[in-house]
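Engineer: Right, I'll just put the structure down here and ask away after.
The values are calculated or read from the model by the stated rules, or taken from the named source; none is laboratory data. From a predicted model like this one, the values you see are computed outputs, not experimental measurements. Counting neighbours? That spans all protein chains shown, and the Cβs are built from the backbone with ideal geometry, glycine included. Ligands, DNA and RNA are excluded from the accessible area calculation, which covers all protein heavy atoms including side chains. Shrake-Rupley method; radii C 1.70, N 1.55, O 1.52, S 1.80 Å.
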Amino acid sequence: MQNKQLRSSQVELEESKLKYFSLYEFAPVGYFSLNKQEIIKDVNVAGTVLLGIEKSKLINTAFIQYMNSESRRTFYKHLEKVKTTDTRQTCELELIKKDGTKIYAHLETITIKDDEEDFNEFRITATDITELNFAEEALKGSEEKYRSLYETMTQGVIHQDANGYIISANPAALRIMELNHNMMNSETYFNHHPDSIHEDGTDFPLETHPSMVALKTGKGIRNVIMGIKTPEKSYIWININATPLFKPGEKKPYQVYITFEDITETIKAKKLLNETLAELKRSNTELEQFAYVASHDLQEPLRMVASFTQLLEKQYKDKLDENAREYINYAVDGAKRMQGLINDLLAYSRVTTKADKFEDIYLEKVLDEVLFNMEIVIGENEAVITRESLPNICADYRQMVQVFQNIIGNALKYRGPKTPQIHISAQKENEHWLFSLEDNGIGIEPKYFEQIFEIFKRLHAEDEYEGTGIGLAITKRIVERHGGRIWVESEPDKGSAFYFTIPDKLL
């Protein structure tokens, strides 16, 4: 019976040894046994994999030979602390594998004593933390990078909790908001700026603040303009964005980041621009009204001057000498030219003051009317006018007639020695139509390309080509009223091509 029990105990002991040997040998971390001289006396499979060296070649080698000089110093201090404190100690150091690869390892060391309680050996557990170390270094570098960005960026950043209390703020936020770190503690933004306003001057209640809206809705808020009052009682303007933060698995935000920039100068410039535009619009309106009234009121006196001068010539022609009749002709001609200038000035002012509303018009019909109106002058010049298909556009019908009539008339006036040829076409380009009117006239020097669209600008003497020099200025103003632009491309003696655009906005 006793023999049977003994054999059973021996079997259990062998099974236990085998069990713990398997746990030791095939553990996922490296186990090293070192004697008092730090020589490796035993190592498990994971230890050999850690250093990339076979077990037979590791046994009876010094553990420190797999370390650089800095790691050796760390290891000696570590072992000394283990021996003097007789407690489990940890450290991290760099190990060198057989192929020269460097790895970072976490060591955990204890001492083993013999039966007489004397120090006998070191037991070391070694874990490869290379990837973890790299990750920590990368995280540290990333944190430092973003901390530097956070501290130096010119845009303000404020971190708030769910109640709107400030957790942190970067230097730019403190500067823009005129806060300080002491004021931030357990405070909200509105404790310091309770009288914020919208761009239109109305109050900006707390519940509509971007950070509060982001916390309530869980959605990011972008580009909100807000005015905040400074201690000097003046307002600065900021553009705010708010981004809610969520805990994993939760749908309700628990914190929010608000970022903002000082746009005070932009708002001031915008306000000044609006005021300037309003003043310019008022000034232009007054100028147009003045031009219309003045030119309209000048018509009758000029008619009287021309009529009575001509009547004077008729009544007293037998009593007038050649010089007197010449002077009368000068006066009548001057009055008629003045009437022409006034009529053109009226037409220029009426581009906006007497304009019709935009409607869907068929430009084929517009061009038909233009050619009918100009039938006589076209015939006198024996001009050849060719055309391509023209589109429907949203425009002022009467003014489109004027545009085509002015450009075609200009081409006939400045014709060359050859038979005048004018080609009219249109093509769609993105969101607008591009129209072109090409002629074979005398052409224009490039230095005059801009000047010809200026009011009363003439490139030729009156005795060469008649007219007031306002036709193209009116054309330019009409095109711009329709949201387009006009320009010319030309070479002297090689003709000109006038181009203008009209947005494609059909009703």
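Engineer: Would you pick out the residues in the stretch 77-98 that are out of contact with any Gly (no Cβ under 6 Å at 6 or more places or on another chain) and charged (D, E, K, R)?
Structural biologist: Within the stretch 77-98, LYS77, GLU80, LYS81, LYS83, ASP86, ARG88, GLU92, GLU94 qualify.
Engineer: Condition check: open to solvent by 50 Å² or more (accessible area, probe 1.4 Å) and closer than 21 Å to TYR66 by Cβ. Does ASP86 satisfy that?
Structural biologist: Criteria not met by ASP86.
Engineer: Filter the stretch 24-46 down to the residues that are open to solvent by 100 Å² or more (accessible area, probe 1.4 Å) and under 22 Å from ILE129 (Cβ atoms), then identify the one that is modelled with the highest pLDDT.
Structural biologist: Among them, the one singled out is PRO28.
Engineer: Which pairs turn up if I take residues in the stretch 404-422 that are touching a residue at least 40 places away in the same chain (Cβ under 8 Å) and look for partners that are among the hydroxyl-bearing types (Ser, Thr, Tyr) with beta carbon separation below 7 Å, at least 6 apart in sequence or on another chain?
Structural biologist: Within 7 Å, the pairs are ASN406/THR475; ILE407/THR475; LYS413/TYR465; TYR414/TYR465.
Engineer: Out of everything in the stretch 194-250 that is polar (S, T, N, Q) and touching a helix residue (DSSP H, G or I) at 6+ places or on another chain (Cβ under 8 Å), what residue ends up being most open to solvent (accessible area, probe 1.4 Å)?
Structural biologist: Among residues in the stretch 194-250 that are polar (S, T, N, Q) and touching a helix residue (DSSP H, G or I) at 6+ places or on another chain (Cβ under 8 Å), the one most open to solvent (accessible area, probe 1.4 Å) is THR243.
Engineer: Check off (1) among the hydroxyl-bearing types (Ser, Thr, Tyr); (2) modelled with pLDDT under 85; (3) touching a Phe, Trp or Tyr at 6+ places or on another chain (Cβ under 6 Å) for TYR465 and give me the number that stays unchecked.
Structural biologist: With (1) among the hydroxyl-bearing types (Ser, Thr, Tyr); (2) modelled with pLDDT under 85; (3) touching a Phe, Trp or Tyr at 6+ places or on another chain (Cβ under 6 Å) applied to TYR465, the lone miss is (3).
Engineer: For the subset of the stretch 47-82 comprising residues that are touching a residue at least 40 places away in the same chain (Cβ under 8 Å) and within 60 Å of the chain's Cα centre (by Cα), which member is surrounded by the fewest Cβ atoms within 10 Å (Cβ to Cβ)?
Structural biologist: GLY52
Engineer: A further question on this structure: Which one of the conditions (1) assigned to a strand (DSSP E or B); (2) in contact with an Asp or Glu (Cβ under 8 Å, 6 or more places away or on another chain); (3) of a type in the set (Val, Ile, Thr) does ILE385 fail to meet, given that it meets all the rest?
Structural biologist: So ILE385 meets the others, but not (2).
Engineer: Test LYS447 against the stated conditions and say whether it is in a strand (DSSP E or B) and within 48 Å of the chain's Cα centre (by Cα). It would help to see each step written out before you state the result.
Structural biologist: Numbers: in a strand (DSSP E or B): no; within 48 Å of the chain's Cα centre (by Cα): yes.
So LYS447 fails the test.
Engineer: Any idea which residue in the stretch 150-179 is nearest to VAL213 (Cα to Cα), counting only those that are assigned to a loop (DSSP other than H, G, I, E, B) and open to solvent by less than 40 Å² (accessible area, probe 1.4 Å)?
Structural biologist: Here the residue is GLY164.
Engineer: Quick one: in the stretch 103-122, which of the residues that are among the charged types (D, E, K, R) and at pLDDT below 90 is nearest to LYS41 (Cα to Cα)?
Structural biologist: Among them, the one singled out is GLU121.
Engineer: Go through the stretch 309-331 and count every residue that is exposed (fewer than 12 other Cβ atoms within 10 Å of the Cβ) and under 26 Å from ASN343 (Cα atoms).
Structural biologist: 3
Engineer: Which number in (1) farther than 17 Å from THR154 by Cβ; (2) polar (S, T, N, Q); (3) open to solvent by less than 70 Å² (accessible area, probe 1.4 Å) marks the one condition that THR276 misses?
Structural biologist: Failing condition for THR276: (3).
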